[in-house]
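This is the structure, below, for whatever I ask next.
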Amino acid sequence: MGDQNNLIPGPSPRVLEKLVVPKRILLGPGPSLVDPQVLEAMACPLVGHLDPFFLQLMDEIQESLRYTFQTRNRLTLPISGTGTAAMETSVVNMVEPGDRVLVCVNGYFGSRIAEMAARHGGDVRTLQRRWGEVFTPTQIQEAVDEFSPKVVAIVQAETSTGALQSIEEITPIVHAAGGILVVDAVTSLGGVPLRVDEWDIDVCYSGTQKCLGCPPGLGPITLGPRAEEVLHQRKTPVSAFYFDLSLLSKYWGTERMYHHTAPITANYALREGLRLVAEEGLESRWSRHRRNAEKLWDGLEALGLRCHVEKPHRLPTLTTVVVPPGIDDLQVRRRLLEEYAIEIAGGLGELKGKVWRIGLMGYSSREENVDLLLDALKNLLNK
Ligand SMILES: *Cc1c(COP(=O)(O)O)cnc(C)c1O
């Protein structure tokens, strides 16, 4: 019998055309545009994941991540997986069945943390705010007094609403009650001020495709001393082998104990992305994001458009714009993509159909992109 008899009948052996990808200007909630230098790094040849060259690259990534997170935490590494994987890593390592978890929910990603903590056996309570609003220290204080949580989780930059949560007043409240604070910094790391050590954050995680100018695929995370202690005091093993930080720290630490094969090219990309963060300097990078966001906000206002979030807690890396009455949300987004190659996003959850979400993150946060988008919106809204 010929070889073809071993193939399943039906699908014809069509050879696909060689891949050609359309050029897009990514101004949505992520992924954002990847810096060309990062793309170049990703095209480098593979080495083995225990090759001395790669081991050194792992160290360089950890060192650069410490700078980017503004921390001296030993346990600082990228999880293989996207931001959600880093979120789940935080949850499975900090929460044991029956542990009290207070999750601050003022958008889609807060609810995701709550859902995860419940799935992993946590005794979850949520503190709710309307989408677009932020939490005050008093609200957190009351909830902490009432519930005495072991873990409090909060999102610094809610990508679903465009609100920027201030963190530094919250940590002392959580610590005074003996808890630990987990902060989602997926849309803030590398884009808006985040100071893990100064703000005394215990667990902080992020993703590579928002403000770090890399493709999706890795989820940087850092654990402070209190969180390490929680990890050591666990009575039960971490329920997910892949996300077990005690094992991962042996792979990323000096023992180099095999745990999984690190995605080599994703790590090349992250190293290059972090190199560019350091080259630009964190503070310049934060100002660039703010400057371009303000240019966008002014331009939107000039077009008669209104932002969904009040200016004092508006997030520079993601802006939610109210879809004006009589305007077809979907049609504007489709025409932006088809006629201008610009991607923005619609609303999520309770903001579905009500707002557009415009991201100015990482390499996408450039003056020329703001001009392109404002011109395009002007043309489309005038029609
Ligand atoms: C994007 C995002 C996530 C999830 O990250 P993925 O890379 O999509 O898995 C989590 N939290 C926030 C705030 C986000 O913006």
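Each reported figure results from applying straightforward, stated rules to the coordinates on display, with no laboratory input. The model shown is predicted, which means the values in this text are computed figures rather than measured ones. All Cβ positions, even for glycine, are placed from backbone atoms using ideal geometry, and neighbour counts span all protein chains on display.
Taking Cα pairs under 8 Å and at least six residues apart, what relative contact order does the chain come out at, in percent? All intermediate terms of the calculation are to be shown ahead of the outcome.
Values: 733 pairs, mean separation 92.3, N = 383.
With pairs under 8 Å counted, the relative contact order is 24 percent.
Between region 316-383 and region 43-115, what is the C-alpha centre distance in whole Å?
Comparing the Cα centres of region 316-383 and region 43-115, I get a distance of 30 Å.
If each residue of separation counts as 0.36 nm, what is the full-extension length gain between Lys295 and Thr236 once their alpha-carbon separation is subtracted?
On the way: separation 59, 0.36 × 59 = 21.24 nm, distance 5.07 nm.
Working it through step by step, the gained length comes to 16.2 nm.
No solvent, one uniform scatterer per C-alpha: report log10 I(q)/I(0) for the chain via the Debye equation at q = 0.14 1/Å, two decimals.
Rounded to two decimals, the profile gives -1.19.
Please state the relative contact order of region 1-130 as a whole percent: Cα pairs under 8 Å, 6+ residues apart? Please list the in-between numbers first.
On the way: 87 pairs, mean separation 18.3, N = 130.
Answer for region 1-130 is 14 percent.
Compute the distance in nm between two label points, each set 7 Å from the Cα along the Cα-to-Cβ direction, one at Leu303 and one at Asp123.
Here the modelled spin labels are 5.0 nm apart.
Tell me, Ser365, Ser206, Ser148 in order of fewest to most beta-carbon neighbours within 10 Å?
Working: Ser365 26, Ser206 33, Ser148 12.
Ordered by Cβ neighbours within 10 Å, fewest first: Ser148, Ser365, Ser206.
Hey, fewest Cβ within 10 Å first, where do Ser188, Ser287 land in order?
On the way: Ser188 30, Ser287 13.
Ordered by Cβ neighbours within 10 Å, fewest first: Ser287, Ser188.
Can you divide the C-alpha Rg of region 41-95 by 2.2 N^0.38 Å and report the result to two decimal places?
Numbers: Rg = 13.3 Å, N = 55, 2.2 N^0.38 = 10.1 Å.
Taking N as the residue count of region 41-95, the ratio is 1.32.
Another one. Please identify every one of the GluC sites (Glu not before Pro) in region 271-343 that sits in a loop by DSSP and has no more than 11 other beta carbons within 10 Å of its own beta carbon.
For GluC sites (Glu not before Pro) across region 271-343 that sit outside H, G, I, E and B with at most 11 neighbouring Cβ atoms in 10 Å, the list reads Glu310.
Okay, next question. Within 10 Å of each candidate Cβ there may be at most 14 other Cβ atoms; applying that plus a DSSP loop requirement, which GluC sites (Glu not before Pro) in region 1-67 survive?
Numbers: sites: Glu17, Glu40, Glu60, Glu63; in loops: Glu17.
In loop regions of region 1-67 (DSSP not H, G, I, E or B), the sparsely surrounded GluC sites (Glu not before Pro) are Glu17.
Sort out for me the Cα centre separation of region 131-150 from region 270-295, rounded to whole Å.
31
Which of the DSSP-defined H helices in the chain satisfy a minimum axial length of 27 Å, computed from C-alpha atoms, and a minimum mean Kyte-Doolittle hydropathy of -1.0? Mind dumping the intermediate values first?
Values: long enough: 282-302 (30 Å, -1.50).
Flagged H segments: there are none.
Label point 7 Å out from His260 along Cα-to-Cβ: which residues of region 42-58 have amide N under 17 Å?
Once the point is set 7 Å along Cα→Cβ of His260, 49-50 turn out to lie under 17 Å by backbone N, inside region 42-58.
Taking neighbour counts of Cβ atoms within 10 Å as a proxy for exposure, in what order, fewest first, do Cys104, Cys307 appear? Don't skip to the answer; put the middle values down first.
Details: Cys104 25, Cys307 19.
Lowest count first: Cys307, Cys104.
Sticking with this one: Say a site is exposed when it is one of the chymotrypsin sites (Phe, Trp or Tyr not before Pro), sits in a DSSP loop, and has at most 15 other Cβ atoms within 10 Å; what is then the longest site-free stretch of the chain?
Numbers: sites that count: Phe241, Tyr258.
It works out to 1-240.
If I build a Gaussian network model for the chain, linking alpha-carbon pairs within less than 10 angstrom, which residue out of Thr161, Thr136, Thr236 has the largest mean-square fluctuation?
Looking only at Thr161, Thr136, Thr236, the biggest GNM fluctuation is shown by Thr236.
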